[in-house]
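These notes are about the structure you will find just below.
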Amino acid sequence: MNEAETRAEHIDPQLAAAGWGVVEGSRIRREYAIAPGRIEGPLRRGKALTADYVLIYRNTKLAVVEAKAWDQPLTEGVGQAKHYAAKLSVRFTYSTNGQGVYGIDMDTGQEGERAAFPTPDELWNLTFAEADAWRDRFAAVPFEDRGGYFQGRYYQDIAVERVLQAIADGQRRILLTLATGTGKTFIAFQIAWKLFQSRWNLTREPARRPRILFLADRNILADQAYNAFSAFADDALVRIAPDDIRKKGQVPKNGSIFFTIFQTFMSGQESSLPRRRESSADGLDSRLRGNEVTAAIQTPNDAAVGSPYFGEYPPDFFDFIVIDECHRGGANDESSWRGILDYFSPAVQLGLTATPKRDDNVDTYAYFGEPVYTYSLKDGINDGFLTPFRVKQIATTLDDYVYTPDDTLIEGEIEAGKRYEEKDFNRIIEIREREAHRVKVFMEQIDQREKTLVFCATQLHALVVRDLINQIKASKEPNYCVRVTANDGALGEQHLRDFQDNEKSIPTILTTSQKLSTGVDARNVRNIVLMRPVNTMIEFKQIIGRGTRLFDGKAYFTIYDFVRAHHHFNDPEWDGEPLAPEPPAVHQVREPQPEWPAEAEGGAAEEAGDAAAQARRTVRVKLADGK
């Protein structure tokens with residue numbers, strides 16, 4: 001009797017006799033797909049992980065059953081049963097050949113033969129020995145699956161359950177650490193759904209539905225979240241925007257799920273925060289931590305410095321707050337954003353981050369505590385939910401530079417004998433031939449039809465690289481390569497939306513400086529080019545995350561590293577090892593290229609300081625022919 005026959009004639013009846021699929025609230029998931037298998041090439045994957053049975057009761061996975069054929073040993077499936085139970089984070093797992101049941105308790109390590117499968121209630125009581133009213137209320141709410149059309153991934157379900165258990169236990173600061181592209185917004189939605197449907201709130205009495213705030217630092221992230229929460233009724237969702245507040249004269253309070261960005265909450269009718277920064281919120285990052293902003297946050301009711309919008313809500317208005325990309329400064333004691341979190345301190349606060357605990361984000365972990373669940377980039381790649389990556393480190397003969405008299409000083413004052421390093425280029429010194437040659441090198445190596453992100457030192461540098469790419473591209477499309485920075489405003493946002501649209505091939509390449517390092521959901525990115533230093537491991541992981549999302553036929557993505565970023569931030573524990581690393585080739589800088597484009601003026605400052613002012617301080621050098 002083969003395995004299929006054993007299951008149909010013996011194992012299925014035994015499970016039914018124990019009440020599985022019979023007792024109300026119990027369910028059997030057969031051939032449960034845990035992970036699709038690591039991507040190993042175009043249209044090729046490694047072995048998928050599939051559990052024969054997953055036993056579910058009260059919307060909670062409680063056990064795995066691994067089945068073998070009638071003539072196989074009873075414990076033949078024990079190894080797989082333990083592996084699957086560990087992946088799914090369930091306590092009990094079973095191996096059977098239809099003639100007996102062998103059980104394993106993953107918590108205590110006890111195992112052995114038993115007379116029959118446990119009933120749903122027996123297994124629930126074994127798993128949850130202590131009564132917990134809120135845990136049971138949360139479990140009574142099914143995951144929102146769009147009528148069965150959409151199933152969450154196993155690690156997403158675990159993350160939701162860990163957060164809800166922390167809330168049931170009374171924990172006030174909670175952290176989830178999951179790699180970019182693993183669906184943190186979806187996880188936040190499922191948590192909000194269960195809190196909302198169970199009527200959880202800070203009073204811990206189910207008398208009203210909770211008020212939930214999704215707080216991001218970029219409009220694109222807040223908008224993506226707003227769309228991801230569409231299963232809620234329209235009148236439950238509120239997008240908090242400065243223009244609407246000014247028009248109505250007050251912050252919105254009617255609703256259940258609110259979405260906004262830090263910068264909107266930090267601004268206000270009389271706030272000292274400059275309007276220019278508010279209008280360019282998508283380009284804001286941790287550099288905007290000046291005393292002026294901090295004062296407005298720390299004294300929200302002081303008329304002398306203005307009243308930020310968040311101060312118009314009572315401190316206990318929100319029951320639950322999700323802080324997206326929380327590593328970007330919100331939990332840092334020195335960050336002006338921290339004032340918002342402190343003001344709403346009564347709320348349960350959930351931080352979402354894609355970066356593990358490292359030296360440059362210890363404040364985040366000090367504030368929220370250790371994560372209740374972690375899912376790394378390596379986990380995602382090995383499971384097949386994320387795309388593997390390759391690294392090509394590229395060296396040139398002008399990775400650093402010392403001025404020599406045969407070169408021509410075009411503008412500015414050169415410091416004789418100074419060795420200009422990567423951090424200086426395109427900030428205090430510009431050499432046209434260097435950038436043109438780097439563009440030529442990677443354009444010759446990439447498939448020019450593939451979507452590519454190029455990270456540049458400044459907005460002006462991104463403009464220069466955009467023009468150099470368009471001057472040598474094979475495509476006839478005028479918008480083949482475009483710049484997307486804070487200075488590009490609405491046009492840049494439209495270019496970004498077109499780039500994200502998988503049905504469109506133009507634009508194919510985006511140049512940027514800071515804006516696209518996080519929060520851009522573009523699934524078909526095949527190449528990431530680093531033409532500026534990456535200052536922290538956090539930033540490096542965020543940039544890598546732009547390429548990890550799955551897309552049909554995408555076997556890997558490639559990082560073209562001109563700045564030795566991967567060398568400095570290689571982190572096998574979290575990232576895993578890149579595919580087939582290639583030794584760096586040294587590319588000689590020789591031929592002059594077309595003239596340097598005119599500098600851009602105006603626009604919001606995406607980097608520290610004004611781009612035009614910085615350009616006036618820059619030294620420009622022309623290399624001698626043949627150098």
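The values are calculated or read from the model by the stated rules, or taken from the named source; none is laboratory data. Just so we're clear, the structure is a prediction, and the values are computed from it rather than from any experiment. Counting neighbours? That spans all protein chains shown, and the Cβs are built from the backbone with ideal geometry, glycine included. These accessible areas exclude ligands, DNA and RNA; they are computed on the full protein's heavy atoms, side chains included. Shrake-Rupley method; radii C 1.70, N 1.55, O 1.52, S 1.80 Å.
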For this session: Pop out the carbon and sulfur fraction of the accessible area of region 71-188 as a percent, whole number, probe 1.4 Å.
Result: 45 percent
For this session: With a 10 Å radius around each residue's Cβ, average the other Cβ atoms per peptide and rank 247-260, 150-163, highest first.
Result: 150-163, 247-260
Exercise. Averaged per residue, what accessible area in Å² does region 452-580 show with a 1.4 Å probe, protein chains only?
Worked result: 33 Å²
Exercise. Could you give me the ³J(HN,Hα) list for region 501-506, computed from phi with Karplus coefficients 6.51, -1.76, 1.60 and θ = phi - 60°, whole Hz, x at Gly and Pro?
Worked result: 6, 6, 7, 10, 9, 10
Exercise. For F258, what charge total do you get from the other residues with a beta carbon under 10 Å from its beta carbon, if Lys and Arg give +1 and Asp and Glu give -1?
Worked result: +3
Seminar exercise, completed: Dividing the alpha-carbon radius of gyration of region 1-81 by 2.2 N^0.38 Å, where N counts its residues, gives 1.25
For this session: Can you tell me the FRET efficiency between E205 and K504 if r is taken as the Cβ-Cβ distance and R0 is 51 Å, rounded to the nearest 0.05?
Result: 0.50
For this session: Provide the solvent-accessible area of R419, counting protein heavy atoms only and rolling a 1.4 Å probe, rounded to the nearest 10 Å².
Result: 130 Å²
Exercise. Could the peptides 524-535, 421-432 be put in order, highest first, of the mean number of other beta-carbon atoms found within 10 Å of their residues?
Worked result: 524-535, 421-432
Exercise. Just going by the charge dipole of region 346-435, with Lys and Arg at +1 and Asp and Glu at -1 on Cβ, which of F389, V348, I429 is farthest out on the positive end?
Worked result: V348
For this session: Compare the peptides 345-358, 223-236 by average per-residue count of other Cβ atoms within 10 angstrom and give them in order, highest first.
Result: 345-358, 223-236
Exercise. Going toward the positive end of the dipole of region 6-135, with +1 on Lys and Arg Cβ and -1 on Asp and Glu Cβ, which of A115, L43, N125 do you reach last?
Worked result: L43
For this session: Could you work out how far the C-alpha centroid of region 132-194 sits from that of region 1-51, in angstrom?
Result: 23 Å
